[in-house]
Amino acid sequence: MTARLYTLYPVEGYRPRTFAGHRDAVLAAYFSQDHKTVRSVDRPLSRAKPSQKSLSLTDPDRMQIYTVSRDGAVFTWAKKEDDNEDSDDSSDEDEAERLPLGAGPLASTSSGPDNTIAHTRWGIQQRHYFMRVGTKVVSTTWHAASNLLIVGFSDGVFGLWEMPSFTNVHTLSVSQEKITSVAVNPSGEWLAFGASKLGQLLVWEWQSESYILKQQGHYFDMNTLSYSADGQQVATGGDDGKVKIWNATSGFCFVTFEDHASAVTAVEFAKQGQVVFSASLDGTVRAFDLIRYRNFRTFTTPSPVQFNSLAVDPSGEIVCAGGTGDGFEIYMWSTQTGKLIDLLAGHEGPVSALAFSPLGDRLVSASWDKSIRVWDTYGRSTAVEPFPLKADALALAFRPDGKEIAVSTLDGQISLWNVVDGVQRTLIEGRKDISGGRKVDDRVTAANNSSGKAFNSLSYTADGSCILAGGNSKHVCLYDARDGVLLRRFQISQNLSLDGTQEFLDSRNLTESGPRELVDDRGELSDLEDRIDKSLPGAKGGDLSRRKYRPEARTKSVKFSPTGRSWAAASTEGLLIYSLDDSITFDPFELDVDITPATILETLHEERHYLKALVMALRLNERPLLQTVYESIPPSAIALLARQLPVTYLEPVLRFLGVQLEKSPHVEFHLVWISSLFAAHGKHLRLHSTQHAAIFRGLQKGLTDVQESIVKLSDENSFSLEFILDQQRTRQLADEAEMANQVLGLAEDQDSRLQTSERRMQIEL
């Protein structure tokens, strides 16, 4: 409930100043722009630590200090005057803390500025209150240039107050949950808010009252992911029942489907077309259209089943799903009709994983009955020989050539099987590789604690030479598929708030009653109930004594990109994408207040800086403005702009050109742009041809449409074209005749002038 003021310059006899008077704990401390003011905000009592801020001031008469308590009280502190020495409020606990006994004026022992703050006594000058009943201050930040205090409350409301007058400038409710983090850009016009419970990030421009960025991940754990055929999109599913589609290059989510009523356990992209399938614990399998963004097909079963595995054949005509039901069957539906066409029975336990071969002729299923089965999709017999395993099967993956499968089991092993012969070829012992990281209640060393460690997700590389495996650990392992050797191990998290990340025991967190995190002290600290998330997906109650509040670091799904240049992991940290490319894959568009429609038009028309205007329009991503900038560029400058265009913006420009070819009549203008970009960046496009395959198809489609339109127009207007050509020939002949007549006239005039001159000469003679 106090704030302390420290100095970095050594002063003889100086002790930290204490500002007492609040009824709640201190959050943070801020300096004003002129470095003459200090502002401090209370932080939760349970995590309270002294704010160690330095201050070296020479004019204490101009100094003020603002303290904001968690209960919403704002105090203004100023230097005590001589006639105000008897005030009740003081920054010092006692006189001995301010100055040592017998000490006069304190002298500095360093070469720094004069520390006259050592002689200053503080008192409360004004008291202000936010007046928000039932809410608490959770987060805050200070913008020195504009003297704005930004505060986030526990009910999802934030506000801006101008200091020192304490004038409320702006207030807005941006979330249903508390705002856990607040940040402001250097200009003070863009505010960023984070809500940890929703996984939400908001960027708000408070002057124009508009959202610049609104991004939200999954509420709870992310369970599964899948790459699209071109590797440009990633689909994820989580415990919140949502399916999200992400751009793999920019890292932004551009569509969210909320049709499922329970946790999504599996997602798969169709190899052909813009369709994504999802399986859920609500007993349904759904198909989503990525063109119209709708759920166009729902697959159900006669009896209730909780699906936890999904597979789509390469043609996209058959969808299979398995899970936990009465008979542990595998259900097959037709994508076109949505009807159930077949039931595959044989497993004696829940089906944990399904996978189609690349050719679509085989379906492989893994189950908790310690077996895997290979099903002939088209010419299946009634008897299917199972492949025996030593433990429950958790995950499987097909090699890209379809001749081999990798199976992960509960004992931490990965076995490689020949599909045709049914022979186990390689066995990888991965329990020691995946182990690592200490839990709070671990009693043994992390190196020896490998119990419960297993891989629950597998993925082959594009060439089938390596296997990527992830599971209940902070590590993701990459193995050589031929020799079974560990090639590399990736650590997905360094977050110490997660369980299973620390390698060694921290003695500072040990008490006589055990680890500090396991001590039940919910009744002692007033704000601990607000910080602990007791909610579970799909449950409103439960045994709180057995519930874990610290999430465990784990990887629920890993997938390699079809391009082979990157791979993604669905983990407790969110969606992680690892890439071999040196370029930055996540570009937040360098959010800047200068990028506005007015500044873009000013750059275009007044400064005539066409490249800068084009890049700014691409960052703002407003189609009418981008259209204006694009059409305002003179054709003579296109070749130079194409050479100077950064590679980061090559993809959006080509995508925009593909759309313009279909809608705009400026065909030659578009063709000049395309040829210039290909000539300037042909090498880069060739090296990343697979990544840009969708863009190339869009350009090819646009060019084909233009060609067909021109051919159709020519065929339908052949007589008109012949007439126009004849008129042009006639006009050309007339022009030639007129030119010949002019030449003859000039020759006749010259002859007449010669004859006249000859007569004059004869007369003179």
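The values are calculated or read from the model by the stated rules, or taken from the named source; none is laboratory data. The model shown is predicted, which means the values in this text are computed figures rather than measured ones. Here the Cβ positions follow ideal geometry from the backbone for every residue, glycine too, while neighbour counts run over all protein chains shown.
Scanning the stretch 155-165 for residues that are over 14 Å from GLY188 (Cα atoms) and not in a loop (DSSP other than H, G, I, E, B) yields VAL157, PHE158. Residues of the stretch 120-154 being free of Cβ contacts under 8 Å to residues at least 60 places away in the same chain, in a loop (DSSP other than H, G, I, E, B) and buried (at least 17 other Cβ atoms within 10 Å of the Cβ), which ones? Of everything in the stretch 120-154, those that are free of Cβ contacts under 8 Å to residues at least 60 places away in the same chain, in a loop (DSSP other than H, G, I, E, B) and buried (at least 17 other Cβ atoms within 10 Å of the Cβ) turn out to be ARG121, PHE130. The set of residues in the stretch 711-732 being of a type in the set (A, V, I, L, M, F, W, C) and exposed (fewer than 10 other Cβ atoms within 10 Å of the Cβ) consists of PHE719 alone.
For SER689, state whether it is in the same structural domain as LEU654 (by TED's automatic domain parsing) and part of a helix (DSSP H, G or I). Walk me through it before giving the result.
Values: in the same structural domain as LEU654 (by TED's automatic domain parsing): yes; part of a helix (DSSP H, G or I): no.
When the stated conditions are applied, SER689 does not pass them.
For the stretch 195-226, the set of residues classified as more than 16 Å from GLN176 (Cα to Cα) and either polar (S, T, N, Q) or not in a strand (DSSP E or B) (or both) consists of TRP206, GLN207, SER208, GLU209, SER210, ASP221, ASN223, THR224, SER226, listed by residue number.
Being more than 37 Å from the chain's Cα centre (by Cα) and more than 26 Å from GLU317 (Cβ to Cβ) holds for only one residue in VAL423, VAL374, and it is VAL423.
For every residue, the table says whether it meets (1) in a helix (DSSP H, G or I); (2) under 24 Å from SER187 (Cα atoms); (3) at pLDDT below 85.
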{"position": "VAL593", "(1), (2), (3)": "no, yes, yes"}
{"position": "THR599", "(1), (2), (3)": "yes, yes, yes"}
{"position": "ARG619", "(1), (2), (3)": "yes, yes, yes"}
{"position": "GLU631", "(1), (2), (3)": "yes, no, no"}
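For the residues ALA229, ALA287, the requirement of being in contact (Cβ under 8 Å) with a residue 40 or more places away in the chain and part of a loop (DSSP other than H, G, I, E, B) singles out ALA229. Hey, could you check the stretch 233-257 for residues that are assigned to a loop (DSSP other than H, G, I, E, B) and buried (at least 21 other Cβ atoms within 10 Å of the Cβ) and say which is modelled with the lowest pLDDT? Top of the filtered list is THR249. The residues on offer are SER334, SER303, SER315, and the sole one that is in contact (Cβ under 8 Å) with a residue 40 or more places away in the chain and surrounded by fewer than 16 Cβ atoms within 10 Å (Cβ to Cβ) is SER315.
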